[in-house]
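One structure is given below, encoded as structure tokens.
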Amino acid sequence: MINMPSDNEVMVLIYETVQKQLGQIKDSRVVMQTLTNRVGELSRTIDAISARTDDISSRLESLEKTVHSLDLNSSRALKSVNSSNTQLKDTVNAMRQTIDNVTNPSVTLISRNSRELKDTVRDMRSVHSSVMDEFEQYEIRLVKLEDSIDKMLKNQLLKAELRQASETAFEPERKDDE
């Protein structure tokens, strides 16, 4: 005898199968929505790329025309420059010769003067340094003298106070009533 499942078991199996299929349908629907959104974004991106490509294409055409026109103008200008090039070279060479005759002695003179000025500045620095050293010595001596004078004055004041104290100690007391 074959065991046949009961009606309840069959119903439970059918219910579970239907639930699984519904879950799969929901998952498929979410995936489809996500894919639809991505396709929409890609479509917009492709449209933007197409518009940008058209803009770049028109700019390139404009640049090609400009380059062609510049090429024609530059070839004409180059021909005129080449024709006058020889005269310019001769003129520049003559100017260089004149400038060399004028500037070389001046540069030498300026260089020598600059060197002499630097030497003079070095000498002045050494003189300044020695004067400052002497000034420091004078300051030290002055401080020592001030200190000695201060000590002498304090010593004299101390002696005067002692003398006065000793004089008042030996004097008989006077009465103010007299």
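The values are calculated or read from the model by the stated rules, or taken from the named source; none is laboratory data. Values in this document were obtained by computation on a predicted structure and should not be read as measured data. Note: ideal-geometry Cβ built from the backbone for every residue, glycine included; neighbour counts use all protein chains shown. Side chains included, ligands, DNA and RNA excluded: accessible areas come from the protein's heavy atoms. Shrake-Rupley method; radii C 1.70, N 1.55, O 1.52, S 1.80 Å.
Counting protein heavy atoms only, the range 115-170 has 60 percent of its accessible area on carbon and sulfur, 1.4 angstrom probe. According to the square roots a ≥ b ≥ c of the eigenvalues of the Cα gyration tensor, what is the shape class of the chain, taking rounded for a/c under 1.5, prolate for a/b larger than b/c otherwise, and oblate for the remainder? Here the chain falls in the oblate category. Where only DSSP H runs of four or more residues are counted, the chain gives -36000 deg cm²/dmol as its mean residue ellipticity at 222 nm, each run worth -39500 (n - 2.57).
Roll a 1.4 angstrom probe over the protein heavy atoms and tell me the percent of accessible area of the range 1-41 that is carbon or sulfur. Looking at the range 1-41 in its full context, I get 61 percent from C and S. Across N85, N155, N93, mean-square fluctuation computed from a Gaussian network of the chain (C-alpha pairs under 10 Å connected) peaks at N155. In the context of the full set of protein chains, residues of the range 33-101 present 90 Å² of accessible surface per residue (probe radius 1.4 Å, heavy atoms only).
Projecting the Cα atoms of S84, L13, L42 onto the charge dipole of the range 1-97, computed from C-beta unit charges around the Cα centre, puts S84 farthest toward the positive end. With a Cα cut-off of under 24 Å and a minimum spacing of 8 residues unless on different chains, the lysine pairs in the chain number 5. Against the main long axis of the alpha-carbon atoms of the chain, helix 7-170 sits at an angle near 0°. For the range 29-115, a/c is not less than 1.5, where a ≥ b ≥ c are the root eigenvalues of the C-alpha gyration tensor, and a/b does not top b/c. That puts it in the oblate class.
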